[in-house]
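Undergrad: Okay, here's the structure, questions in a sec.
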Amino acid sequence: MQQEDLTQIILVSFMMPVLLSALLIWFFISFQRRKYRYESEKKDAMLREQALVIQRQEAVQAERNRIAGEMHDELGSGLTLIKYLSDSIGARVTDSALQEDVGKIAGYSSGLVRNMSEIIWAMNSRFDNLEGLISYVRRFVSEYLDDRGIEHRFVCPEVPKDVTLTVEKRRNVFLVIKETIHNAVKYSGAEAFRVKVSFGDSLDFLIEELGGRGFDPADFKDKGNGLYNMQKRMELVGGSIRYERRPEAMCTHISLPLEKQPTGTLKTP
Amino acid sequence: MANYLKWIEIYHLIMISAWVVTLINRKKGDGIIRYFLVFLSVSLVFEMFVSYYFARVYKDNRLVLVFYATMCAAYYLYVLNEHFRTKPWATYFHVISGIWLILATFFLVGDIAKNTFDPLWYNLGMGLASILILKYFYDVVYVDEYRNVFREPKMYFFLGILIFFTSSFPLLIKIKFLSTYSQQIGSTFFGLMRAFGNIFLALGYLGAAICNRKI
């Protein structure tokens, strides 16, 4: 009886670890399978989500392009027509008061066409890149300063390809540059401008006002919202704006961070 | 002192490590296994002092051990109750655990009074705990949403208990036989199995202690 008990104990003592090992092996194998399945599902879900995001972005882009196209075709041509008709009427009327009013209509129409052109440019996904922004800024600087007979120079190295910029970034940076040049022309009496563009970890614009008093932001700190809005616009897109007075020129630095892509190209964050 | 040092085993040292880790982790926030530090503290006092004292002074510490073991089983059931409290059958489990605790305490007091040792109620409690630990493993694989259980303190805690119980179960059933009729075989065989089980149990505590903090 005692011998039988002992045999039973030894048998059970060996059986239990064997059963436990079997259980643990089952658990680890099943758990690994579960983990693998979970990770595959997670990966699939992520891919599906990415596809959905891309699809949504494409739909938004298509819609933006459609609106931009229709604005250009319908509103743009209408406003241009109003401008030409106003000019034509203005040339024919003899009443000076009426001529002045018609001139205003033509002026407003031109302004609207310009503003609308900016909106169309911002909306069009074709320009969602660094090249789009630089060429638009270059065109603006040239047209704006030529109209006012101010000398200018635009210095820009070769623009990196495939650097995407969101509408928000493009529009805000452009509006800040526009406002900077407008302020400088209006308040500092600048005789010439030099705009330098550089690329590194960020996209940097250096706007130098040569001659004149130089636009000093300190003088305008408590007047109006212009400077505050510029600061806010740059903060909104993760960039910065700062002013620097040099002996030869008043300088405005506008900077927008760019993110390096693994391939070596740049991308905005 | 030399006698006492001989008393200290590897699993005691692992348990001390688990206690220290739990104490350090305690500062980082409450643990996922509730009252784990209290449990480890009480366990260490029993394992290292009370048990030694009874073995030295009264030459028999079985009653202390069975009291301590029943307390451990009760704590394991408490942790399992906490873990399964959202299950629809949780109420039945609470009731069964409660009945077990009352009966185990009743018979334990009887054992102490009669100075006898019967591990039946301890085995029943541990058996109940083991079934639920198996349910825990089953849920991890088939029922619950996937999660990395290897970062979960309960995983190590339950695994340690399961290994400990399966290694000591056959001996606990026939412990009287082993210790009475075949002292030599009993001491070597039982000693080996007990050491094996205790080391794994202490390692389970240590694993749980390392993971036992809310992140």
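Undergrad: Which whole-Hz couplings ³J(HN,Hα) result when phi for each residue of the stretch B:63-71 is put into the Karplus expression 6.51 cos²θ - 1.76 cosθ + 1.60, θ = phi - 60°, listed in order with x for Gly and Pro?
TA: 5, 4, 5, 5, 5, 5, 5, 5, 4
Undergrad: For the stretch A:227-240, just list the computed ³J(HN,Hα) in residue order, Karplus coefficients 6.51, -1.76 and 1.60, θ = phi - 60°, integers in Hz, with x standing in for Gly and Pro.
TA: 5, 4, 4, 4, 4, 5, 4, 5, 4, 4, 9, x, x, 8
Undergrad: Tell me, what is the percent relative contact order of the stretch A:54-192, built from C-alpha pairs under 8 Å that lie six or more residues apart? Please report the intermediate quantities before stating the final value.
TA: Details: 96 pairs, mean separation 33.1, N = 139.
Dividing the mean separation by the residue count of the stretch A:54-192 yields 24 percent.
Undergrad: Follow-up. What residues qualify as long-range amide H neighbours of A:PHE154, i.e. H under 5 Å apart, gap of 5 or more or another chain, H built at 1.01 Å from N?
TA: Distant-sequence amide H within range of A:PHE154: A:VAL195.
Undergrad: Which value in Å does the Kirkwood hydrodynamic radius of the stretch B:1-105 take, with 1/r averaged over all unlike C-alpha pairs and then inverted?
TA: Working: mean 1/r = 0.0636 Å⁻¹.
Hydrodynamic radius (Kirkwood, Cα pairs) of the stretch B:1-105 is 15.7 Å.
Undergrad: Then there's this: Let me know the Kirkwood hydrodynamic radius for the stretch A:129-269, please, with Cα pairs as the basis and the value in Å to one decimal.
TA: That comes to 15.4 Å for the stretch A:129-269.
Undergrad: Can I ask one more? How many lysine pairs does the stretch B:2-211 hold where the Cα atoms are under 16 Å apart and the two sit 8 or more places apart or on different chains? Display every interim value, and only then the final one.
TA: Working: B:LYS6/B:LYS59; B:LYS87/B:LYS135; B:LYS114/B:LYS176; B:LYS135/B:LYS154.
Step by step, the pairs that qualify in the stretch B:2-211 add up to 4.
Undergrad: Rg and Dmax of the protein assembly as shown, Cα atoms, in Å?
TA: Cα only, the protein assembly as shown: 41.1, 135 Å (Rg, Dmax).
Undergrad: Over chain B, what is the relative contact order in percent, taking alpha-carbon pairs closer than 8 angstrom and at least six residues apart?
TA: Relative CO of chain B lands at 33 percent.
Undergrad: Given the -39500 (n - 2.57) contribution per DSSP H run of 4+ residues, what per-residue ellipticity at 222 nm results for chain A, rounded to the nearest 500 deg cm²/dmol?
TA: -21000 deg cm²/dmol
Undergrad: Once phi is turned into θ = phi - 60°, what whole-Hz ³J(HN,Hα) does the Karplus curve with 6.51, -1.76 and 1.60 give for every residue of the stretch A:131-147, x standing for Gly and Pro?
TA: 4, x, 5, 4, 5, 5, 5, 4, 5, 4, 4, 4, 5, 5, 7, 4, 4
Undergrad: Points 7 angstrom from Cα along the Cβ direction at A:GLN57 and A:TYR228: gap in nanometres?
TA: It is 3.5 nm.
Undergrad: For chain A, modelled as a Gaussian network with Cα springs under 10 Å, which listed residue fluctuates most, A:ASN129, A:ASN225, A:ASN183?
TA: Maximum among the listed residues: A:ASN225.
Undergrad: While we're looking at this one, here's another question. Among A:SER30, A:SER135, A:SER109, which one moves the most in a GNM of chain A with springs linking Cα atoms closer than 10 Å?
TA: Of A:SER30, A:SER135, A:SER109, the Gaussian network model singles out A:SER30 as fluctuating most.
Undergrad: Using the charge dipole of the protein assembly as shown (Lys, Arg: +1 at Cβ; Asp, Glu: -1 at Cβ; taken about the Cα centre), state which of B:ALA209, B:PHE39, A:PHE27 has its Cα farthest towards the positive end.
TA: B:PHE39
Undergrad: I'd like the FRET efficiency for B:TYR92 and A:LEU23, computed as 1/(1 + (r/R0)^6) with the beta carbon distance as r and R0 of 22 Å, rounded to 0.05.
TA: Plugging the Cβ-Cβ distance into 1/(1 + (r/R0)^6) gives 0.35.
Undergrad: Cα convex hull of chain A: mean projected area in nm², to one decimal?
TA: Working: hull surface 105.7 nm².
Here the figure is 26.4 nm², rounded to one decimal.
Undergrad: Still on this structure, I have one more. Can you give me the Kirkwood hydrodynamic radius for chain B, using every pair of distinct Cα atoms, in Å to one decimal? Write down the numbers at each step before the final one.
TA: Working: mean 1/r = 0.0549 Å⁻¹.
Result for chain B stands at 18.2 Å.
Undergrad: Using r as the Cβ-Cβ distance of A:SER88 and A:TYR108, and R0 as 22 Å, what FRET efficiency do you calculate, to the nearest 0.05?
TA: Details: r = 16 Å, r/R0 = 0.73.
The computed FRET efficiency comes out at 0.85.
Computed from the coordinates by the stated procedures, all read-outs in this text should not be read as laboratory data. Just so we're clear, the structure is a prediction, and the values are computed from it rather than from any experiment. Positions of Cβ are backbone-derived with ideal geometry, glycine not excepted, and every protein chain shown enters the neighbour counts.
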